[in-house]
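Reading through the structure tokens given below for one structure.
Where a number appears in this text, it was derived from the coordinates with a stated rule and is not lab data. Note that the coordinates shown come from a computational prediction; the quantities given were computed from them, not determined experimentally. All Cβ positions, even for glycine, are placed from backbone atoms using ideal geometry, and neighbour counts span all protein chains on display.
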Amino acid sequence: MAILELESVDAFYGRIQALRGVSIKVDKGEIVALIGSNGAGKTTTLRTISGLMHPHSGTIRFDNHDITRTGPSTIVEMGVCQSPEGRRLFPRMTVVDNLFMGAYTRNDKPGIAADMDRVFTLFPRLKERRTQIAGTLSGGEQQMLAMGRALMARPKLLMLDEPSLGLAPILIETIFSIVREINAQGTPVLLVEQNAYKALEVSHRGYVLETGSIVQTGSGKELLASEDVQKAYLGM
Amino acid sequence: MSPPDLGFFIICALAIIGLAYEAFTQPTAFVQVSIFGLADGAMYALVALGYTMVYGIIELINFAHGDVFTMGAYIGTAILGFFSFNENSFTAINLVALLVVFPVVMLVMGAINIGIERIAYRPLRNAPRLAPLITAIGMSFVLEGVMFLWHGPATVHVPDLLPHGPGFQTTIGGVFIGFKDVFVVVTAAILVTLLAIFINRTRLGKAMRATAQDRDAAQLMGIDINRTIAATFFIGALLAGAGGMIWGLYYNNIFYNLGFRTGLVAFTAAVFGGIGNIPGAAIGGVLIGLIAAYSDSYIGSKWTEVVIFGILIGVLVFRPTGLLGMRVPEK
């Protein structure tokens, strides 16, 4: 059962085509990785899903609704939540306020408080720093906050853009084990990564994006074993 | 320290020494001047807040903002026409008129400013930065033109509704304090406090801060940025409208392009405090009011504009982030 489905999506930045006939889907309960090199269109794909930009042609369906032309705030309300590349925290707000912004579309106070507890259980470090200004956190803490903030929306689909970028190896392990944990609790995850090895390792399925087109797809294991992928992205 | 830095520093130091000398040798006059400066500064602060909030959220210098301030006074004067108040003594009707005119003026100006944003700025949201700056100047001319057509080039009398005269003033140690001075400062302080509570405590206020700090990320939180930007213009105009009304009641004289100079001074105050920084605008407004008053009495009022815009240039050249600036890295 697909929760998210892109069908031959084309997208442009001005006159430059960034996505060419991209078709991907995420099923309920899955972790799906989208890998590819710099400038392949990974972030563009997420921006298009979130409604920050709209496809030139093709359709995007989420939870059986056509969201191709829907605005970003409505898409968030429907349950698609993105933790963007570079974390994009609100640098002059506290940790707690950043988390509250994640729950912006929700009204159930007890539910928000419960999710705040859940985030603090996943990331005990954030609990220690709850009143600190987000811009003064370390890189790893900022990434935890970005993921926690995305979880505060109680998303039906979580999209993570480069969650391991710029982190120390030990933190990368933590981040990916938390991705697994979030998924085990029932949230489908669309994972965009340059760290292809790690991403494919935790993912059920994966897509390889090259200059705006999907060139290969398969289960995480198949892609890890594929020669093309190994050569191009795993440095083997 | 490079020579120009040093020169600027020396000028500032000399000004402060001169002021200290005046304060020491003629304390009564100094306190008196400070009180007038504080009253002016409170009004500049109310206008500066609108500049800084709009700049913070869409990086636009809203040059029409000073005229929103003036129009608040014009509309307030028109509303006061419906009351049979008494300018010579403070009656219950005066009180009722004041209690009615403030909220009505503020709401009307808020609505007008939302309209301005919708017509002149929103269609240019993704245009180069210069385009909305030019429509802002255009909007300023439109508002001034409307007020010119309405009452002509002459000054318009604003009824002297506030308690004044012998019963409502006092002299403490040779320093004259009128009810009007207290009224201006207290009202501005209340409005600024309400703004601070709104910005820091409410959902919409936090959404405004989030949008100002990272617009794309705010959208990814589900914040409708068009609504948030409209709310920013609305609140900026609430303060400017109230500021215009206060100005009218304080000086009892307004004219169609009053907002041009007031707007530029308030803009200077916003830059002085750190453009985009809300506490900075309030502090900058008060400081510019004080500096203008000191310049009026100790240097000469014909030099005051030179002093104020000299500060604008000095801040932009030597400390572009203003007094408070942004103390936390953006990323």
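Key figures
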quantity	calculated
Overall form of the stretch A:91-153 per C-alpha gyration tensor (a/c, 1.5; a/b vs b/c)	prolate
Net +/- balance of residues flanking residue B:135 in space, Cβ distance below 14 Å, scoring K and R +1, D and E -1	+2
Relative contact order %, chain B, counting alpha carbon pairs below 8 Å whose residues are six or more apart	34 percent
Cα gyration tensor, the stretch A:112-222 - rounded (a/c under 1.5), prolate or oblate	prolate
Kirkwood Rh, Cα atoms: Rg over Rh of the protein assembly as shown	1.07
Amide hydrogen neighbours beyond the local backbone of residue A:218, cut-off 5 Å, H modeled	A:206
Simple spin-label estimate for residue A:107 and residue A:125 in nanometres, 7 Å along Cα-Cβ	3.7 nm
Amide N of the stretch B:1-38 lying under 19 Å from the label point, which is placed 7 angstrom from the Cα of residue B:306 along Cα→Cβ	B:7-19
Alpha carbon Rg of chain A, scaled by the compact-globule rule 2.2 N^0.38 Å	0.98
Förster radius 60 Å - calculated FRET efficiency between residue A:64 and residue B:168, Cβ distance, rounded to 0.05	0.30
Two-site FRET efficiency, residue B:21 against residue B:130, from Cβ-Cβ distance with R₀ of 56 Å, rounded to 0.05	0.80
The stretch B:112-117 - phi-based ³J(HN,Hα) in whole Hz, Karplus 6.51/-1.76/1.60, Gly and Pro as x	4, 5, 4, x, 4, 4
Cα gyration tensor, the stretch B:107-236 - rounded (a/c under 1.5), prolate or oblate	oblate
Residues whose placed amide H lies under 5 Å from that of residue A:190, excluding near-sequence neighbours	A:32, A:158, A:159, A:160
Over chain B, equivalent-ellipsoid semi-axes from the Cα gyration tensor in Å	31, 28, 18
Note, ³J(HN,Hα) from phi for the stretch B:140-156, Karplus 6.51, -1.76, 1.60, rounded to Hz, x at Gly and Pro	4, 5, 4, 5, 5, x, 4, 5, 5, 5, 6, 10, x, x, 6, 6, 10
Of B:308, B:254, B:119, the one that fluctuates the most in a GNM where chain B has Cα springs shorter than 10 Å	B:119
Set of the stretch B:67-99 residues, backbone N closer than 12 Å to the point 7 Å along the Cα-Cβ line of residue B:179	B:86-96
Sum of side-chain charges, residue B:289 neighbourhood, beta-carbon under 12 Å (Lys, Arg +1; Asp, Glu -1)	-3
Computed FRET value (nearest 0.05) for residue B:198 with residue B:14, which takes r as the C-beta separation and R₀ as 30 Å	0.15
Estimated [θ] at 222 nm from DSSP helical runs (n ≥ 4, -39500 (n - 2.57)) normalised by residues in the protein assembly as shown, nearest 500	-18500 deg cm²/dmol
Karplus (6.51, -1.76, 1.60) ³J(HN,Hα), θ = phi - 60°, over the stretch A:166-171, in Hz, Gly and Pro reported as x	x, 9, 5, x, 5, 6
